[in-house]
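As structure tokens, the structure follows; a few thoughts come after it.
The values are calculated or read from the model by the stated rules, or taken from the named source; none is laboratory data. None of the values given here were measured: they were computed from a predicted structure. Heads up, the Cβs are rebuilt from the backbone with ideal geometry, glycines too, and the neighbour counts pull from every protein chain shown. Surface areas here come from the heavy atoms of the whole protein model, side chains and all, with no ligands, DNA or RNA. Shrake-Rupley method; radii C 1.70, N 1.55, O 1.52, S 1.80 Å.
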Amino acid sequence: MKQAILFLSDKSNEYILNRFKSLLQIIPDIDVFFLYNQKGTNLPLAIKQYPRNIFTSYIIPSREYTPIAESLTPGSNHFPLLDFYIKNQEYDYYWLIEDDVFFNGEWKNFFKYFDRFPVDFITSYVKHYLEESDSPWWNSLIHPNKNIPLSERIHSFNPLYRLSNRALCYLHEQLSNGWIGHHEVLIASLLEQHGYSMMDMGGSGTYVIPENNDKFYSEKTWSHLPLPIQEFR
């Protein structure tokens, strides 16, 4: 099985580079790339030293995808992953990690754990509309001629996730053919509608297998909201 890990960031300071280098050092059997959002005219020298895929705001018209805003944020951070996939289609699975994700364990053990699950989409907080109807992005999912009812839409939290080669191929086709939406609703909803497999890596809910209940995260350790202060004994 061949995998790629994409570390997504628009920064090139020493702190961010050290976090990226730690992935290179501890995961020798997986290809690791810096997925760098270049905002200036010149690529930082520090970035040139490492395996990388560079993207700018021009990724939007170049791929014929329609974002939900005039920029990649909010909601379109799956575009750089799809861009990498189109250029590098030899991998079975593609991991994306945003630069503010922290894991208290060993990264190599985390990635190795999921090798035994041939699942198309592994992510977190996978919830049906009826389970979590207050998400602000449910109505961002649109198409000129098609519709997925709200009751059939699925939400996921995606600062760290894995997609299979075939799932990315399908998503590229669907975005090129007119689907628009925030990645937290678009990815899971489209894949579910067409029979692709999904797994929640932890927490609790329909998409969590029993052995993974609260295994890698809980509501107290993994959220888009400020985390509560915890007391450790």
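Values computed for the structure shown
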read-out	value
At R0 = 25 Å, FRET efficiency that the Cβ-Cβ distance of Asp29 and Val101 yields, to 0.05	0.75
For Ile5, distant residues with modelled amide H under 5 Å away	Asp31, Val32, Phe33, Trp95
Per residue accessible area of the chain, 1.4 Å probe, in Å²	51
Spatial extent of region 86-213: Rg and Dmax, with the Cα atoms as the point set, Å	14.7, 46
Assigned charges on the beta-carbon of Lys, Arg, Asp, Glu; region 1-80 dipole about Cα centre (debye)	180
Cross-link reach list, aspartates and glutamates versus Lys146, counting only Cα pairs under 20 Å and skipping chain neighbours closer than eight places	Glu64, Glu173, Glu184, Glu192
Given charges at Cβ of Lys, Arg, Asp, Glu: the chain dipole, positive-most of Phe33, Ser164, Asn145	Phe33
Nearest-20 debye value, the chain charge dipole, Cβ charges on Lys, Arg, Asp, Glu	560
The chain: antiparallel DSSP beta bridges as a percent of all, rounded to 5	35
Long pairs among Lys87/Lys108; Lys108/Lys215; Lys48/Lys87, criterion Cα-Cα beyond 23 Å	Lys87/Lys108
Relative packing of 186-199, 136-149, which averages over residues the other C-beta atoms within 10 Å, highest first	186-199, 136-149
FRET efficiency estimate (nearest 0.05) - Cβ-Cβ, Lys112 to Cys169, R0 25 angstrom	0.50
Reach of Lys112 by Cα under 14 Å, taken over aspartates and glutamates that are not fewer than 8 positions away in the same chain	Asp29, Asp31
Global form of region 92-138, assessed from the alpha-carbon gyration tensor, a/c cut-off 1.5	prolate
Euclidean distance between Cα centres, region 161-200 to region 1-67, Å	22
Distance in nm between pseudo-label sites at Lys146 and Lys39 (7 Å out along the Cβ direction from Cα)	3.4
For region 1-148: rounded, prolate or oblate by the Cα gyration tensor [a/c cutoff 1.5]	oblate
Fraction of accessible area attributable to carbon and sulfur, region 17-162 (%, probe 1.4 Å)	49
